[in-house]
1. How large a share of the accessible area of segment 39-149, in percent, is made up of carbon and sulfur atoms when the probe is 1.4 Å and the other protein chains stay in place?
2. I need the phi-derived Karplus couplings for segment 83-96: 6.51 cos²θ - 1.76 cosθ + 1.60, θ = phi - 60°, integer Hz, Gly and Pro marked x.
3. Towards the positive end of the charge dipole of segment 45-144, with charges on Cβ (+1 Lys, Arg; -1 Asp, Glu), say which of ALA79, ILE112, SER45 has the farthest Cα.
4. Using every Cα-Cα pair within segment 53-162, state what percent have a distance larger than 18 Å.
5. How would you classify segment 116-163 from its alpha-carbon gyration tensor, with a ≥ b ≥ c the square roots of the eigenvalues: rounded for a/c under 1.5, else prolate if a/b is greater than b/c, otherwise oblate?
6. Considering Cα pairs under 8 angstrom that are at least six residues apart, work out the relative contact order of segment 46-163 and quote it in whole percent.
7. Compute the accessible area per residue over segment 18-158, keeping the other protein chains in place, probe 1.4 Å, unit Å².
Amino acid sequence: MTVIRHRPGFASVASLGVITLGVVAFHAVAPNWSKRFGLDVWNYSYYEADQRQTAHERKNLEVSHDRLRRQIEACDRIAGRLVAGELTLAEAAEDASRVNSDRPGFDDCLQIEHPHAGTERLRAARYIMVRARFYMIDRRDTSREVEVMERLEEDYRKLAAAK
């Protein structure tokens, strides 16, 4: 009887060689596929630099998101004070404008949302009025909504007349 001796080291080396040749051949035949499946390991430094850039961009986005969240929270506090009658509409609009002064695209957005408001002050007033309505809805305080919104509309008419 013949005894076949297994050489696990030889089989491993042979398998690795076949896999390596397969990857090289795969890249030669279809280079885009090898990139798509991540088999182009020779571009590791490029991918590493790309990952660092992506991490940097993510950190910048997180900072921007945090700033935006703080601005929205500040406007909610302003809206709460407006609803409570602690601020006039003019004061609340001024505070909201100041809070959002460095918010990219904020003024453009207000021009689109409130095209009939002729000035920046009137657009800010409309914005904070909307925030006030959301403030009451979020707190399920809709019983006073009509009364508060009528008061704010009257204040808005006075602001518009005073242009």
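1. Heavy-atom surface of segment 39-149 belonging to carbon and sulfur, 1.4 Å probe: 51 percent.
2. 4, 6, x, 7, 10, 7, 4, 4, 5, 5, 5, 5, 4, 5
3. ALA79
4. 52
5. oblate
6. Relative contact order, segment 46-163: 27 percent.
7. Averaged over the residues of segment 18-158, the accessible area is 70 Å².
The values are calculated or read from the model by the stated rules, or taken from the named source; none is laboratory data. Predicted model, so just to flag it, every value in this text is computed and none were measured. Reconstructed Cβ throughout: ideal geometry from the backbone, glycine too, with neighbour counts over all protein chains shown. These accessible areas exclude ligands, DNA and RNA; they are computed on the full protein's heavy atoms, side chains included. Shrake-Rupley method; radii C 1.70, N 1.55, O 1.52, S 1.80 Å.
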